[in-house]
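> One structure coming up, written as structure tokens, with questions to follow.
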Amino acid sequence: MVRRKSTSRLSGIVLVQTDTTVGFISQNHEKLAQIKSRPINKPFIRVINSSQNLRIPNKYKNLVRRSKQITFIVNNQAFRISNKIKASQIIRNLSWHYSTSANQTNKNFNREFCEQNADIIIETVDGLQELNSSSLIKLNNHTKRRLR
């Protein structure tokens, strides 16, 4: 089921079940920061369709390409590759978007809060479920460190 408050697709906030947990996605990081009440300069995870244009240390390229539900940090930029087909045409064709958990900072999922802050709500028959967040791994030329 898709409910819209706005016709803006790229700059609006979408509430959706992501490949890891229920989340807000958008190509507008300022709106996401405002909803999450976090500093505008604190980066969000960037979800992309392919690792082709990333500068990843050679020794980790295979790991990144085959990863599932893992967020990587390379050169202080966080990204996750998601080839999973999205639930709606609205986001299926996006080559990238910012992603964050759909909750207030340091709080659990609250459907009422999410519905008030989303421009578009995409919900499948399975509904929206708070699941585990992605693993977080920091990579550089010499080391790989698991942060979460």
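> Take peptides 138-148, 107-117 and line them up by average Cβ neighbours within 10 Å, highest first, as a rough protection proxy.
Put in order of decreasing packing, that is 107-117, 138-148.
> Let me ask you something else. Restricting things to alpha carbons, tell me how big the chain is in terms of Rg and Dmax, in Å.
Final numbers for Rg and Dmax: 15.2, 47 Å.
> Defining a contact as two alpha carbons under 8 Å apart and six or more residues distant in sequence, what relative contact order in percent does the chain show?
37 percent
> Can I ask one more? Mind ordering 12-21, 56-65, 27-36 by average Cβ neighbours within 10 Å, highest first?
12-21, 27-36, 56-65
> Past the 18 Å Cα-Cα mark, which pairs from Lys42/Lys68; Lys31/Lys138; Lys61/Lys138; Lys61/Lys144?
Listed pairs above 18 Å: Lys42/Lys68; Lys31/Lys138.
Bear in mind these aren't lab numbers, they're just calculated from the coordinates by the rules spelled out. Just so it is clear, the structure is predicted and the values come from calculations on it, not from any experiment. Glycine also receives a Cβ, built like all others from the backbone with ideal geometry; neighbour counts cover every protein chain displayed.
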